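Peer 1: Below is one structure. I have some questions about it.
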Amino acid sequence: MSTAYTGVALAAPVSLGYTRTSTHAAPWFVGGALEAMLRQSGLPKSAVDGLAVGSFTLAPDSVVTLTQYYGLEARFLESLPFGGASGIVALRRAARAVQCGDAEVIACIGADTNHTEGFRDLVANFSGFSVDASWPYGAAGPNLPFSLITARYIAETGATREDFGRVCVAQRANARGFPQALFGNKPLSMEQYLAARQVAGPLHLFDCVMPCAGAEGFLVMSEDRARSLGIPHARVLAADERHNAFAADDVQLRAGWNAFAPQLWERAGCGPQDMHLLQTYDDYPVISMLQMEALGFCAPGGAPEFVRSTVLTNDGGGLPHNTSGGQLSVGQAGAAGGFLGLVEAIRQITGRALGQQVPGARRAVVGGYGMINYDRGLCSAAAVLEGA
Amino acid sequence: MNLPPSRRSDVSAALADAPVDGSLRLQHCGSCGTVQYPPRERCGHCLADALIWQEISGAATLLAVSTLSHSLEPWFAERLPWQVASLRLDAGPVVFAHLAASRAQPHARLRVANARDASGAWCLVAFEGEANTFVRQLEQPGIWP
């Protein structure tokens, strides 16, 4: 049996509603993404027969109650509790459903609101493990595990603050012109990056995403359907996910990508050298560097040298990385952060960037990573995409 | 008066009564012998529910240290910088603990013990030396919660 995603199209990428805080509830953001995708694709609402939603702030609603909220009759519903891996997991579930005929057009949406005390409430009650073993120690959610991971990464690789800064500064340059980026108009220099206040251990202000509200989404349908609609679309060359990989490691310096990357590239029929851009999940720069290593852009432990020798901006002729600014410049809208890189990749490789278009971009690899239950992120995912 | 977060899961209730004398009590599987943390209602190795709270060795290797300069929790925000560490217990699990050994480096050999934080809820503390060292540290205000 073939494992290929042949005949599946990703279309109508949307990003909207980004604000620092919002009084709207999550269904307002999910519905806004759905409306924008219908407008972009020209499809009527009645054509959407599948809905896959990732959202931390949807309760007491769910993907089921949303069908009545939006007046949708669906034959495929998927709830995506995968945080930063939600977008790629949605793609994988929806692609199989379309291939098998379980649904024809599936709206995949990551969206969250952010009330004034929203982030504190989210991290204080994130999971059973975090309530007992992480939150009582005083750090804001993932800042503690990530400062420990970053400290250990520095000790093992010799990475410097400038190395992490190169990732953050390049992304900020890439955010210029991207309308949803909350920091799109705030350039970041290396001097400003280095002068930022400390947050936790080696993490300083610009290493940490800013929680916000917003929505991301894309449609999954057959390529035939996308062609008949005449809408730009991307194909899935390969995609994979892994959860709780390398559980015995002391500190998470590798994750599920390391387990599946060789097979991912083999199925994709290409390699890192064939990519026109890279979108990593970037709640902190160290995790972007771990993805660069795991996905084969450099050797394990080689990302500090890689970011010193590779131009990561959209216009530098190197490897454009997080081309809309990533979460570090756009903001982290909860589970939408797990869609941001994927949605941006679909835009870039179909020539429809909202900010800076990478000239000639046709192929991209996207990483997903999520759910810091306790001392590490449990979900890893990646997808290799090509513009049709 | 501000206090650290006092909420803990029901499954960890046995730790509320753990002695604070430099020893460490954690969950131990009565079926396969695995020591586990964070607490849960089934063994993460063999899935049995025959879990026993018992004293285990607090010997541990320091993995990484985080010095917090920011906290959303007012009690910690008033006491910054605050040191937290991750450690690999010789008995198996990785734990986060308040770090009382302020100059400890990764790979250092420390001990982990049960304690109460200022809210009265259970927590773990990592320190240098033997159990009696820890009991002396308990009497020095400000070193840990």
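Peer 1: For the stretch B:41-76, give me each residue that is of a type in the set (Ser, Thr, Tyr) and at the interface with chain A (Cβ under 10 Å from one of its Cβ atoms).
Peer 2: Selection gives B:Thr61, B:Ser66, B:Thr67, B:Ser69, B:Ser71.
Peer 1: Of the residues that make up the stretch A:91-98, is at least one of a type in the set (A, V, I, L, M, F, W, C), in a helix (DSSP H, G or I) and over 23 Å from the mean Cα position of the chain (by Cα)? Give the derivation first.
Peer 2: Pass one, the stretch A:91-98, residues of a type in the set (A, V, I, L, M, F, W, C): A:91, A:94-95, A:97-98.
Those still in the list that are in a helix (DSSP H, G or I) too: A:91, A:94-95, A:97-98.
With over 23 Å from the mean Cα position of the chain (by Cα) added as a condition, the list becomes none.
There is no residue in the stretch A:91-98 that is of a type in the set (A, V, I, L, M, F, W, C), in a helix (DSSP H, G or I) and over 23 Å from the mean Cα position of the chain (by Cα).
Peer 1: Would you point out the residue of the stretch B:9-34, among those that are within 14 Å of another protein chain (Cβ to nearest Cβ) and free of Cβ contacts under 8 Å to residues at least 60 places away in the same chain, that is surrounded by the most Cβ atoms within 10 Å (Cβ to Cβ)?
Peer 2: B:Gln27
Peer 1: Considering only residues that are in a loop (DSSP other than H, G, I, E, B) and either under 19 Å from A:His233 (Cβ atoms) or among the β-branched types (Val, Ile, Thr) (or both), which ones fall in the stretch A:1-52?
Peer 2: Of the stretch A:1-52, the ones in a loop (DSSP other than H, G, I, E, B) are A:1-7, A:20-25, A:42-44, A:48-49.
Result: A:Thr3, A:Ala4, A:Tyr5, A:Thr6, A:Gly7, A:Thr21, A:Thr23, A:Gly42, A:Leu43, A:Pro44, A:Val48, A:Asp49.
Peer 1: Next up: Looking only at residues that are part of a helix (DSSP H, G or I) and away from chain B (no Cβ under 12 Å) in the stretch A:99-135, which one is farthest from A:His233 (Cα to Cα)? Before you say what the answer is, go through the steps one by one.
Peer 2: Filtering the stretch A:99-135 down to residues part of a helix (DSSP H, G or I) leaves A:99-100, A:118-124, A:128-133, A:135.
So of that shortlist, the ones also away from chain B (no Cβ under 12 Å) come out as A:99-100.
Working: A:Gln99: 16, A:Cys100: 20 Å.
Among them, the one singled out is A:Cys100.
Peer 1: Could I ask something else about it? Suppose we keep only residues that are among the hydrophobic types (A, V, I, L, M, F, W, C), under 23 Å from the mean Cα position of the chain (by Cα) and assigned to a helix (DSSP H, G or I) within the stretch A:191-222. Which one would you say is surrounded by the fewest Cβ atoms within 10 Å (Cβ to Cβ)?
Peer 2: Ranking the candidates gives A:Leu205 first.
Peer 1: Please verify whether B:Ala97 is buried (at least 21 other Cβ atoms within 10 Å of the Cβ), more than 11 Å from chain A (Cβ to nearest Cβ) and without any contact (Cβ under 8 Å) to a residue 40 or more places away in the chain, treating the condition exactly as stated.
Peer 2: Criteria not met by B:Ala97.
Peer 1: Could you figure out which of (1) part of a helix (DSSP H, G or I); (2) buried (at least 21 other Cβ atoms within 10 Å of the Cβ); (3) away from chain B (no Cβ under 14 Å) isn't true of A:Ala181?
Peer 2: So the condition that A:Ala181 fails would be (1).
Peer 1: Same structure, new question: Could you go through the stretch A:71-80 and let me know if any residue there is part of a helix (DSSP H, G or I), crowded, with 22+ Cβ neighbours inside 10 Å and either without any contact (Cβ under 8 Å) to a residue 40 or more places away in the chain or not β-branched (Val, Ile, Thr) (or both).
Peer 2: The answer is no; no qualifying residue exists.
Peer 1: Assuming A:Arg225 fulfils every condition listed in (1) part of a loop (DSSP other than H, G, I, E, B); (2) crowded, with 20+ Cβ neighbours inside 10 Å; (3) charged (D, E, K, R) apart from one, which condition is it?
Peer 2: (1) is the only condition that A:Arg225 fails.
Results for (1) of a type in the set (Ser, Thr, Tyr); (2) modelled with pLDDT of 95 or more, shown as yes or no for each residue.
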{"residue": "A:Ala103", "(1), (2)": "no, yes"}
{"residue": "A:Ile106", "(1), (2)": "no, yes"}
{"residue": "A:Thr116", "(1), (2)": "yes, no"}
{"residue": "A:Asn125", "(1), (2)": "no, no"}
{"residue": "A:Ser130", "(1), (2)": "yes, no"}
{"residue": "A:Thr157", "(1), (2)": "yes, yes"}
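Peer 1: To continue, here is another question. Restricting the search to the stretch A:147-165, which residues are part of a helix (DSSP H, G or I) and among the small types (Gly, Ala, Ser)?
Peer 2: Start the filter on the stretch A:147-165 by keeping residues that are part of a helix (DSSP H, G or I), which leaves A:147-157, A:161-165.
Of everything in the stretch A:147-165, those that are part of a helix (DSSP H, G or I) and among the small types (Gly, Ala, Ser) turn out to be A:Ser147, A:Ala151, A:Ala155, A:Gly165.
Peer 1: Restricting the search to the stretch A:166-178, which residues are within 17 Å of the chain's Cα centre (by Cα) and either surrounded by fewer than 16 Cβ atoms within 10 Å (Cβ to Cβ) or part of a helix (DSSP H, G or I) (or both)? Show your work before the answer.
Peer 2: Our first condition is that a residue be within 17 Å of the chain's Cα centre (by Cα); within the stretch A:166-178, this holds for A:167-168, A:171-172, A:174-175, A:178.
Those that are within 17 Å of the chain's Cα centre (by Cα) and either surrounded by fewer than 16 Cβ atoms within 10 Å (Cβ to Cβ) or part of a helix (DSSP H, G or I) (or both): A:Val167, A:Cys168, A:Gln171, A:Arg172, A:Asn174, A:Ala175.
Peer 1: Let me confirm something: among A:Val286, A:Val311, which residue is out of contact with any Cys (no Cβ under 7 Å at 6 or more places or on another chain), of a type in the set (A, V, I, L, M) and in a helix (DSSP H, G or I)?
Peer 2: The unique qualifying residue is A:Val286.
Peer 1: Please indicate, with yes or no, whether at least one residue in the stretch A:237-251 is surrounded by fewer than 16 Cβ atoms within 10 Å (Cβ to Cβ), more than 14 Å from every other protein chain (Cβ to nearest Cβ) and more than 19 Å from the chain's Cα centre (by Cα).
Peer 2: no
The values are calculated or read from the model by the stated rules, or taken from the named source; none is laboratory data. Everything numeric here is computed off the predicted structure, so don't read it as measured data. Note: ideal-geometry Cβ built from the backbone for every residue, glycine included; neighbour counts use all protein chains shown.
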